[in-house]
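The values are calculated or read from the model by the stated rules, or taken from the named source; none is laboratory data. Everything numeric in this text was worked out from a predicted model, so none of it was measured. In this analysis, Cβ positions are derived from the backbone assuming ideal geometry, glycine residues included, and neighbour counts consider all displayed protein chains. Ligands, DNA and RNA are excluded from the accessible area calculation, which covers all protein heavy atoms including side chains. Shrake-Rupley method; radii C 1.70, N 1.55, O 1.52, S 1.80 Å.
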Amino acid sequence: KGVVALFEIDKTGRLVEVGRLDFPSQVRGVALTEGALTVVFDDGDLSVYSLSSWPKFIPSGRLRLPAQPLEIKRVPGQERVVVSLVGAGLGLVDVSQQKTPDLDGWFKVPKTYKAFNVESEMILGTSIEGLDAISIEKLEAGGMSKLAQDAVVDGFRYRLRLWHQHIYGFDS
């Protein structure tokens, strides 16, 4: 409801609030990279905050997304995030230049990914139409790699299955 709160766990195991941001818009999701806190809002805005300003969060940059966001996740080991866009696929956003976040790629399909997992080279997503495996490389190029049953990750072939709106892969 327009609030992002950050917590630490103290020595006794209790949660202690250590930071709080209040916004006029409803927050749809939050992602932390090494250098930035990225927040997406229901009105289609994406805001980036530098972690170097901790414990205060100073806004660094903004980006207007091409559609309303549903969820956001970090790309492991990178200063980029993936945003599920309502009825418009997935957006790859580079937050390394915090003052000017950039839409690095857009998997422009007329569907909403209600659940997805991001790996270093691939995104596994599920929509009401089924499962998709989209390579980060194809997303950067604005293309797609749609594999409904199988996926190859790091040279290993996986069979994809859906369980409680999560995609998992298994090999033989």
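For the stretch 57-72, a residue qualifies if it is over 20 Å from ALA115 (Cβ atoms), touching a Leu at 6+ places or on another chain (Cβ under 6 Å) and modelled with pLDDT of 90 or more, and exactly one does: LEU63.
Restricting VAL109, VAL82 to those that are crowded, with 18+ Cβ neighbours inside 10 Å, under 23 Å from LYS138 (Cβ atoms), among the aliphatic types (A, V, I, L, M) and in contact with a Lys or Arg (Cβ under 6 Å, 6 or more places away or on another chain) reduces the list to VAL82.
A residue that is touching a Ser or Thr at 6+ places or on another chain (Cβ under 8 Å), open to solvent by 30 Å² or more (accessible area, probe 1.4 Å) and at pLDDT 90 or above cannot be found anywhere in the stretch 46-56. Within the stretch 1-48, being within 14 Å of the chain's Cα centre (by Cα), of a type in the set (Ser, Thr, Tyr) and under 13 Å from ARG62 (Cβ atoms) holds for THR38, SER47.
Any residue that is among the polar types (S, T, N, Q), under 12 Å from the mean Cα position of the chain (by Cα) and modelled with pLDDT of 90 or more - is there at least one of those in the stretch 80-89? So far as the stretch 80-89 goes, yes, one or more of its residues are among the polar types (S, T, N, Q), under 12 Å from the mean Cα position of the chain (by Cα) and modelled with pLDDT of 90 or more.
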